[in-house]
1. Looking at this model, which pairs from K90/K217; K90/K234; K213/K234; K148/K222 are more than 23 angstrom apart at the alpha-carbon?
2. Where in segment 64-121 are there trypsin sites (Lys or Arg not before Pro) that are in a DSSP coil and have at most 10 other Cβ atoms within 10 angstrom of their Cβ?
3. With n ≥ 4 as the cut-off for DSSP H runs, can you work out [θ] at 222 nm for the chain, using -39500 (n - 2.57) per run divided by the number of residues, rounded to the nearest 500?
4. What trypsin sites (Lys or Arg not before Pro) does segment 196-256 have in DSSP loop regions with at most 10 other beta carbons within 10 Å?
5. Multiply the residue gap between R73 and K198 by 0.36 nm, knock off their C-alpha separation, and tell me the result in nm, one decimal place.
6. Nothing charged except the Cβ atoms of Lys and Arg (+1) and of Asp and Glu (-1): what's the magnitude of the dipole of segment 6-265 about its Cα centre? Round to the nearest 20 debye.
7. Taking a probe of 1.4 Å, how large is the accessible area per residue of the chain, in Å²?
8. Just to verify a number: FRET efficiency for A150 and T261, C-beta to C-beta distance, R0 = 35 Å, to 0.05?
Amino acid sequence: MSVVMGPTHAMSGAAVGLAVAQLLPEQWGGVSTVQETFLYAGLAAGAALLPDLDSPQATVSRSFGPISQFLSRTVENTAQGFVNFTRAKKDPKCRNGHRTLTHTVWFALATGVAATALIGTYGKPAVIGLLFVLLGLALRGLLPEWSKKADWLVLTAVSAALAYGAWYFIPSDSFGLVLGSAVAVGCLTHIVGDMATKQGVPILAPLIYFRGKRWGKFQLPKFLSITAGGAGDKLLLTAFSALVVAQISLLASGDIAALLTELTGR
Ligand SMILES: [Zn+2]
């Protein structure tokens, strides 16, 4: 198993998303209520699966049938070609694009900017489309057992309902910026998560030239390293789940009354 499991990525995206949503500056708008915080976390959880689009076996690549399979192969081939085009003398020839282009900070930033630009250009349809795709991914990542058993039509319907509900309950002027930042945060969380594995990630490639390489891989300090799919992976999943539950309880205890009034008032 060479990839960190989808559920671990999704759960870490949710945990980091919950925290970041509460830290975002007030002027950004969009994240001021509990619902908006949850939406932000949901988007980050979904986006935390995106970098593995370069691997046809990953959750994200299997989520939308032949469409995501085709997209995955395209991304993997493009990444492979890009590495070979930009590699330095000491970089080995790339034979598989997994964990390259889509596992860089630049990809995370570009994806966030693209989401913001899409919303800026197309408005509401783009928002609903993005919510549909990202919340659908979050659902598959956070509830893997349920989503494996559920019919794809049910999954699609639930994703659509979530997207519509999110749009209905959370209208906001600066939705683009908020959504874009959630996407970037999710991708970045994924990349840092992969850095905890022994294979490492070329996080700044190809701009940084280091020890004769442009695609050299970096990893977190050894004592933090885990084996993807192994016990460390499960431990991380448990830790992030605990963080999510703790943050949700904190958020909910403070605002549960307001939330109930809001929900029943509509
Ligand atoms: Zn990955």
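1. As for pairs spanning more than 23 Å Cα to Cα, those are K90/K234; K213/K234; K148/K222.
2. Of the trypsin sites (Lys or Arg not before Pro), the ones in loops of segment 64-121 whose Cβ has at most 10 other Cβ atoms within 10 Å are K89, K93, R95.
3. Details: 10 runs with 175 residues, N = 266.
The helix contribution divided over the chain gives -22000 deg cm²/dmol.
4. Counting only loop positions with at most 10 other Cβ atoms within 10 Å, the trypsin sites (Lys or Arg not before Pro) in segment 196-256 are R211.
5. Difference between extended and current length: 42.6 nm.
6. The calculation lands at about 1520 debye.
7. 51
8. 0.60
The values are calculated or read from the model by the stated rules, or taken from the named source; none is laboratory data. Note that the coordinates shown come from a computational prediction; the quantities given were computed from them, not determined experimentally. Because the Cβ atoms are built from the backbone with ideal geometry, glycine has one as well, and the counts that use them run over all protein chains shown. Quick note on the areas: whole protein, heavy atoms, side chains included, nothing else; ligands and nucleic acids left out. Shrake-Rupley method; radii C 1.70, N 1.55, O 1.52, S 1.80 Å.
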